[in-house]
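The values are calculated or read from the model by the stated rules, or taken from the named source; none is laboratory data. These figures come from a predicted structure and were not determined experimentally. Here the Cβ positions follow ideal geometry from the backbone for every residue, glycine too, while neighbour counts run over all protein chains shown. Side chains are part of the model used for accessible areas, which takes the heavy atoms of the whole protein and leaves out ligands, DNA and RNA. Shrake-Rupley method; radii C 1.70, N 1.55, O 1.52, S 1.80 Å.
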Amino acid sequence: MRSTSLLALSLAVALAGTLRSQADDPARTPSPATGPRRAVPAKGSIVVDPAAHRPDLLVVKLAEGRKATLADGTLRLVPEDGRRDLVRVLGDRELRPFFAGLEDQLADLDRRIRARGLDPSPDLSLYLTVATRSHDEQRALIAALADLNVVELAYPMERPTPPPGDIPPTTPDFTKQQTWQGVAPTGFDAGSSRRVTGAWGKDIRVLDIEWGWDLDHEDIAPLRSSQLIGPSPAYTTYNNHGTAVGGELCADFDAFGVSGMCPDIELWVATDYPSTGYSVAKAIVVGLPKLRAGDVMLLEAQITTPLGLGPTEYVQADFDAIVKATKAGVLTVEAAGNGAVNLDDSRLNRIFDLTYRDSGALIVGASNGAALDRAYFSCYGSRIDANGWGGGVVTTGYGTLFNPGDKRQHYTNSFSGTSSASPMVTATVVNLLGAAKARLSAADFAKFADHLKVRALLRKHGTAMNSGQNIALRPDLDKLMPAAGLRRGLTILGDPVLGKSFQVEVEADFAAGPGDAWVLLVAAGPGNLGIPGLPQDCDRLQLDLASTLWFAAGGTWTNAKAQVTIPVPNDTGLKFASSFWQALTFRGSDKRLCLSTGAHAVVLP
């Protein structure tokens, strides 16, 4: 096929793209996905632990199917049966709604879940707190409440638990900074991911829930005071922790400091320890209004279980709040905790058995840094969905790597724990969602952004740990992207560098032969346009139509592949400049056209 024909072909495709855009696609409500699986601990299994629980508050969850209101301390129930017995047991103790002040958020969350065709249960308005004076009083109340059908569960309020980070000792490694972003088996292969259009997380929102952050670091532009939802943190004790997490996620991709794996996200933060008291569940309800279906929530929290520190969803209110987030289409990533707990231990009464109870969260364990072994502190078991580095992580905060005396310039080489592992997996999830959002129609993205689908990808495509570690796989984005259908037909081989050349490889999805051809297109920005008449999965132009150019074309293949060498001028004005690429293949035997997935090239100094 002559190049003039190929040019006409590429222009025809671009013209066809004007006929239908992403915005014009008819909105379709996705069919309900298999939702989370809710269960509550058996009433007789509740243990009151003075080290883990507050003596002054008991949490009471009323049975589903009721409506409860509190006015001047008087509890009213619909239906009425059981109220007198409940009042008799509680006496004149002060009652308050657990989510007091968040009624509007709860109602909006239920509306969002119903709009997705799902049952909005559990009803979080049925959570109450009861004032108590001692742990012994709590034990007596729990036993008495267990006999009432109107009560689903009663348990003591958890004590504030610091986030699961900073496990000493760590060994600084200044020569291998951020190698957790390197290629497998050591790292997650962030380089492979960033060369996929959208993978940096544009138009994806992430909510980080933990104690606090320094909201003015020089190298994390998305982390600012304007992004704090709800009340301010009560303490600055763990601000470095939140800053380190933010650096892993979205530190600026620039010439200094460190770089995050998804710097294009819209980052929001909500504290789980405001002046009104510690609660992850309340922070979830505060933050969820900012998130849409297909966005991500990160829980940098842990809680004391009977066997040690574990995932925060051990607390029923936290579990139920995550269930609501899952039903609203939000994907939750949750730290496994640093208590070295076997989550399959029978003494935990199947709390972490997915066949019995599943919040929908993706739970993250920690490896011993780059090694393929479990970090000694990491929780483990069949409930773990993925793992990341649990030590020696280079990111923002703390100042152990660089500290000129201003916290805005603090960097560390020793962030650790399941806290350092969780943002790595969060960034991986964002990379997948961002690439999918840039590639798919709105309806198809809604089907892709399902917790079960993402969980299955993480559990299947990654680096295996050594035998017996039981912390799942370390994600490998070079495997995940093609497995998810987000990299096909076009690959950028290595990063563009000033003054050097890089290669783009076009690959046919058929056994290429005579009469077949390809066109390489480039644009200054991304797009997402549906092209009528092209085969499914080949029908979306991921380039900005206004700036799209025909860059190269040919009909020569080697094993159905063709490589194009692209020189990069030695012009410092091009540092960190982006270009977007896509290939169009033509099969001569049946005149079949197919668009590859889009690729993103960033020029490095």
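Quick notes on this one:
- Just one of the listed residues (THR556, THR597) is β-branched (Val, Ile, Thr) and surrounded by 15 or more Cβ atoms within 10 Å (Cβ to Cβ), namely THR597.
- Residue in the range 437-445 that is over 29 Å from LEU529 (Cβ atoms) and basic (Lys, Arg) present: no
- Residues (more than 14 Å from LEU343 (Cα to Cα) and outside any strand (DSSP E or B)) located in the range 367-377: ASN368, GLY369, ALA370, ALA371, LEU372, ASP373, ALA375, TYR376
- Test set (1) outside any helix (DSSP H, G or I); (2) open to solvent by 10 Å² or more (accessible area, probe 1.4 Å) - VAL364 fails condition number: (2)
- Wholly enclosed strands (runs of 3 or more DSSP E) of the range 297-352 bearing at least 3 residues of a type in the set (A, V, I, L, M, F, W, C) and either under 20 Å from THR426 (Cα atoms) or open to solvent by 10 Å² or more (accessible area, probe 1.4 Å) (or both): 331-335
- Counting the residues of the range 272-291 that are open to solvent by 10 Å² or more (accessible area, probe 1.4 Å), in contact with a helix residue (DSSP H, G or I) (Cβ under 9 Å, 6 or more places away or on another chain) and either outside any helix (DSSP H, G or I) or among the hydroxyl-bearing types (Ser, Thr, Tyr) (or both) gives 3.
- Test for VAL603: is it under 24 Å from ALA255 (Cβ atoms) and either at pLDDT 90 or above or under 28 Å from the mean Cα position of the chain (by Cα) (or both): yes
- Criterion applied to ILE363, ILE351, ILE384 was being free of Cβ contacts under 8 Å to residues at least 60 places away in the same chain and of a type in the set (Val, Ile, Thr), and the one residue passing it is ILE363.
- Qualifying residues in the range 257-308 (those that are among the polar types (S, T, N, Q) and within 20 Å of the chain's Cα centre (by Cα)) - the one farthest from ARG116 (Cα to Cα): SER259
- The residue of the range 543-569 that is farthest from CYS594 (Cα to Cα), among those that are among the polar types (S, T, N, Q) and at pLDDT 90 or above, is THR565.
- Tallying residues that are assigned to a loop (DSSP other than H, G, I, E, B), open to solvent by less than 30 Å² (accessible area, probe 1.4 Å) and not small (Gly, Ala, Ser) within the range 415-464 yields 1.
- Filter result for the condition that a residue is modelled with pLDDT under 90, within 20 Å of ILE322 (Cβ to Cβ) and either within 31 Å of the chain's Cα centre (by Cα) or open to solvent by less than 40 Å² (accessible area, probe 1.4 Å) (or both), over ALA16, ALA39, ALA68, ALA33: ALA33
- Filtered residues of the range 42-52 (kept if out of contact with any helix residue (DSSP H, G or I) (no Cβ under 6 Å at 6 or more places or on another chain) and closer than 19 Å to ASP320 by Cα): ALA42, LYS43, SER45
- Qualifying residue in the range 580-588 (condition: closer than 19 Å to GLY191 by Cβ, surrounded by fewer than 17 Cβ atoms within 10 Å (Cβ to Cβ) and in contact (Cβ under 8 Å) with a residue 40 or more places away in the chain): no
- The set of residues in the range 191-208 that are in a strand (DSSP E or B) and buried (at least 24 other Cβ atoms within 10 Å of the Cβ) comprises VAL196, VAL206, LEU207, ASP208.
- Failed criterion for GLN409 (all others in (1) in contact with an Asp or Glu (Cβ under 8 Å, 6 or more places away or on another chain); (2) crowded, with 24+ Cβ neighbours inside 10 Å hold): (2)
- In the range 575-605, the residue that is farthest from PHE551 (Cα to Cα) out of those that are in a strand (DSSP E or B) and aliphatic (A, V, I, L, M) is LEU604.
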